[in-house]
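S.K.: Please see the structure below; I have some questions.
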Amino acid sequence: MNSIKKTRLYQEIHQEPQVIQNLVGRSQDAIKALAAEITDRKIKHVFIAARGTSDNAGRYANYLLGAHNHIVVSLATPSLFTIYKQTPDLTNCLVLGISQSGKSPDLISVLDEGKKQGAITAAITNYPNSEMAQSADFVLDLQAGEETSLAASKTYIAELTTLAILSSELDPSEDYRRELDSLPRLIEAGFSNETHVASLAERYRYMEHCAIIGRGYNYATAFEFSLKLKELTYTIAEPYSSADFLHGPFALVDRGFPVFIFAPSGKMTDEMKSLVEKVKSRQAEVVLISDLPELLKSATQSLPLPAGAPEWLSPIPAILPGQLFAMYLAHTRGYDIDNPRGLNKITETW
């Protein structure tokens, strides 16, 4: 345990409560200015350019801005801009780049084209002087501090929180503000189960493949947890929505097959209860990530979440046990947690 505490990833994950406090505890003038511009220009379409972990933040934005703000969200296909040179019409929309580094040329090309067409452009990045930021009308600084471990952790949490603040600024309410203010406490509470997460990782030392299920707001969480398992532990971890999983991939499920299910309380509760029963009927190993005590009892293994997170913010505390599990599983297997094989911190694609 002491050796893992010396890793940069461990330290950066444990900085997440403070990172969120930095965002929700201070006035975010750039976010307010962007929200005002969106409102003044009656923007109803957000076009997001992102890769990797940041693309998963875009998946969260798809549900968040759609449900909370009635805005259509599209995830960009950057090769249309860089390779095919056939760009969609971006007029009267917000072109939003999300990138920890702000360096990938294909993402920058999307913002450049958006500006050329007269769209509002904005960048969510941890480097406000980056190339992407220079292409944007509005720069939303993640304020996460330098992230040196290869796997993104605190910057992903900061991206989700920044999007949540933007959503709340577009439709202000005291309830939303109060719920945002509760986030640092919820993340801090999530660390109370860290010893349990570490022991559960030991159980799955030899896991070679698994399925990760989420839906609604936590569709993004399934994808992000899957990515962390792939890059840190080299496990074939396939993410699905609960609906898509039943349309074919359910055939994968057999005795002992690990299925990780994100099921925070909310409108998806009944569907997730039904999914748990279906998966258990095939004698699979169900690992449930939830704040619902009765549902947790029905699983083979559980990763409890702190109670009190509203559904629209639940992906923020829900990803923490996933980050911790992937980190501890990599440690259990003797892998280099901070430097997964074959990867670089900044990946430039075209």
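The values are calculated or read from the model by the stated rules, or taken from the named source; none is laboratory data. Every value quoted in this text rests on a predicted model; they were computed, and no experiment measured them. Because the Cβ atoms are built from the backbone with ideal geometry, glycine has one as well, and the counts that use them run over all protein chains shown.
S.K.: Residues in the stretch 59-81: is at least one basic (Lys, Arg) and either surrounded by fewer than 21 Cβ atoms within 10 Å (Cβ to Cβ) or under 22 Å from residue 26 (Cβ atoms) (or both)?
M.R.: Here is the first cut: in the stretch 59-81, the residues basic (Lys, Arg) are 59.
The next check asks that each one be either surrounded by fewer than 21 Cβ atoms within 10 Å (Cβ to Cβ) or under 22 Å from residue 26 (Cβ atoms) (or both); those that pass are none.
No: the stretch 59-81 contains no residue that is basic (Lys, Arg) and either surrounded by fewer than 21 Cβ atoms within 10 Å (Cβ to Cβ) or under 22 Å from residue 26 (Cβ atoms) (or both).
S.K.: Would you check if residue 219 is aromatic (Phe, Trp, Tyr), in contact with a Ser or Thr (Cβ under 6 Å, 6 or more places away or on another chain) and touching a residue at least 12 places away in the same chain (Cβ under 8 Å)?
M.R.: Yes.
S.K.: Could you tell me whether residue 153 is hydroxyl-bearing (Ser, Thr, Tyr), within 17 Å of residue 315 (Cα to Cα) and modelled with pLDDT of 95 or more? If you could, list the steps in order and put the result at the bottom.
M.R.: Details: hydroxyl-bearing (Ser, Thr, Tyr): yes; within 17 Å of residue 315 (Cα to Cα): yes; modelled with pLDDT of 95 or more: yes.
So residue 153 passes the test.
S.K.: Residue pairs, Cβ under 6 Å, 6 or more apart or interchain, first in the stretch 91-116 and assigned by TED's automatic domain parsing to the domain that holds residue 152, second among the hydroxyl-bearing types (Ser, Thr, Tyr) and assigned to a helix (DSSP H, G or I). List them.
M.R.: Note: pairs meeting the criteria are 98/54; 99/54; 100/155; 106/82; 109/82.
S.K.: Which of the residues belonging to the stretch 259-289 are among the charged types (D, E, K, R) and part of a loop (DSSP other than H, G, I, E, B)?
M.R.: Residues satisfying the conditions are 267, 282.
S.K.: Check the stretch 264-277 and report whether any residue there is among the small types (Gly, Ala, Ser) and under 26 Å from residue 166 (Cα atoms).
M.R.: Yes, the stretch 264-277 contains at least one residue that is among the small types (Gly, Ala, Ser) and under 26 Å from residue 166 (Cα atoms).
Listed here are the residues, each with its yes/no results for (1) in contact with an Asp or Glu (Cβ under 8 Å, 6 or more places away or on another chain); (2) more than 11 Å from residue 165 (Cβ to Cβ); (3) free of Cβ contacts under 8 Å to residues at least 12 places away in the same chain.
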| site | (1), (2), (3) |
| --- | --- |
| 4 | no, yes, no |
| 9 | yes, yes, no |
| 12 | yes, yes, no |
| 15 | no, yes, no |
| 18 | no, yes, no |
| 23 | no, no, no |
| 29 | no, yes, yes |
| 33 | no, yes, no |
| 40 | no, yes, yes |
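S.K.: Is there a residue in the stretch 231-238 that is at pLDDT below 95 and at positive phi?
M.R.: no
S.K.: Which condition breaks for residue 55 when tested against (1) in a strand (DSSP E or B); (2) out of contact with any Ser or Thr (no Cβ under 7 Å at 6 or more places or on another chain); (3) buried (at least 19 other Cβ atoms within 10 Å of the Cβ)?
M.R.: (1)
S.K.: Filter the stretch 222-257 down to residues that are basic (Lys, Arg) and touching a residue at least 24 places away in the same chain (Cβ under 8 Å), then give me how many there are.
M.R.: 2
S.K.: Would it be correct to say that residue 46 is touching a residue at least 24 places away in the same chain (Cβ under 8 Å), surrounded by fewer than 20 Cβ atoms within 10 Å (Cβ to Cβ) and within 28 Å of residue 118 (Cα to Cα)?
M.R.: Answer is no for this residue.
The rows are residues; the columns are (1) of a type outside the set (D, E, K, R); (2) surrounded by fewer than 24 Cβ atoms within 10 Å (Cβ to Cβ); (3) farther than 21 Å from residue 16 by Cα.
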{"residue": "282", "(1), (2), (3)": "no, yes, yes"}
{"residue": "294", "(1), (2), (3)": "no, yes, yes"}
{"residue": "304", "(1), (2), (3)": "yes, yes, no"}
{"residue": "327", "(1), (2), (3)": "yes, no, no"}
{"residue": "338", "(1), (2), (3)": "no, yes, no"}
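S.K.: One residue is enough: does the stretch 103-118 have a residue meeting the conditions charged (D, E, K, R) and within 22 Å of the chain's Cα centre (by Cα)?
M.R.: yes
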